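Peer 1: The following block contains the structure, expressed as structure tokens.
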Amino acid sequence: MRIKELIIGENIGVFAISLVESPAIEVDGIYLSKDDNIEIQLKEDVEQGLFAGIILRPDKLIKRKDEQGFFHIHFSKDTVQKLAHNYLSNYSQGQTTEEHNGHINGVTLVETWTVLDPDNDKSNALGLNARKGDWAGMFDIKNEDTKEKLRSGVIKGISIEGSFEEATEADKLLSELNNLDN
């Protein structure tokens, strides 16, 4: 089986986040409606319009296909953290699509973090079952059509859109050395 590690390289990395039915990292998010019994709820009778989820999971093998057949891609913990920071540095918080097709108005990434300690992370209160190194986020959903798709389960998770390079052997060695300290 072919496995390719992807990195940012000279490219811009993640340029949009897509709300999808079947996320490639196989982790569903949670829509915070008025029926959810979660500590961050504002008022019992007000729908929050917030969607939280794992944006990217380090070292998760993601199946892809090219002219040579099937292969897997993955991102190191170091690359995931760089992608998260790069996304904010490029002011991309409002760059959201649905199923990788066209921009959705009224959907903004309002909180984002990489999980340092899964046992003591906000993701636990949200029921996300995050792992160390996961890139997590919370979206403010103002778009009524998107809210309905989240309520009904048409949208369940998050997927990234980006431009990446395949890691060289030197990149992989550097990543392994960086991860020794963690």
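The values are calculated or read from the model by the stated rules, or taken from the named source; none is laboratory data. Treat the numbers as computed from the prediction; the structure is a model and nothing was measured. When we count neighbours, we look across all protein chains shown, and the Cβ atoms used for this are built from the backbone with ideal geometry, even at glycine.
Peer 1: Looking at (1) closer than 25 Å to residue 170 by Cα; (2) more than 13 Å from the chain's Cα centre (by Cα); (3) of a type outside the set (A, V, I, L, M, F, W, C); (4) modelled with pLDDT of 95 or more, can you tell me which one residue 66 breaks?
Peer 2: Every condition holds for residue 66 apart from (4).
Peer 1: While we're on this one: Tell me which residues, restricted to region 125-137, are surrounded by fewer than 21 Cβ atoms within 10 Å (Cβ to Cβ) and either of a type in the set (D, E, K, R) or assigned to a loop (DSSP other than H, G, I, E, B) (or both).
Peer 2: 127, 129, 131, 132
Peer 1: Touching a His at 6+ places or on another chain (Cβ under 9 Å), within 21 Å of residue 21 (Cα to Cα) and free of Cβ contacts under 8 Å to residues at least 24 places away in the same chain: is that true of residue 94 in this structure?
Peer 2: yes
Peer 1: So how many residues does region 1-24 have that are part of a loop (DSSP other than H, G, I, E, B) and buried (at least 21 other Cβ atoms within 10 Å of the Cβ)?
Peer 2: Going through region 1-24 one residue at a time, the tally reaches 1.
Peer 1: If residue 115 meets every condition in (1) crowded, with 18+ Cβ neighbours inside 10 Å; (2) farther than 16 Å from residue 24 by Cβ; (3) touching a residue at least 24 places away in the same chain (Cβ under 8 Å) apart from one, which number is that one?
Peer 2: Condition not satisfied by residue 115: (3).
Peer 1: How many residues are part of a helix (DSSP H, G or I), touching a strand residue (DSSP E or B) at 6+ places or on another chain (Cβ under 8 Å) and not β-branched (Val, Ile, Thr) if we restrict to region 80-124?
Peer 2: Of the residues in that region, 9 qualify.
Peer 1: Any idea which of (1) β-branched (Val, Ile, Thr); (2) more than 15 Å from residue 51 (Cα to Cα); (3) part of a loop (DSSP other than H, G, I, E, B) is the one residue 155 doesn't satisfy?
Peer 2: (2)
Peer 1: Kindly establish whether residue 89 is under 15 Å from residue 15 (Cβ atoms) and crowded, with 18+ Cβ neighbours inside 10 Å.
Peer 2: no
Peer 1: Now, a different point. Checking residue 145 against (1) touching a residue at least 60 places away in the same chain (Cβ under 8 Å); (2) over 18 Å from residue 164 (Cα atoms); (3) not basic (Lys, Arg), only one condition comes out false. Which one?
Peer 2: (1)
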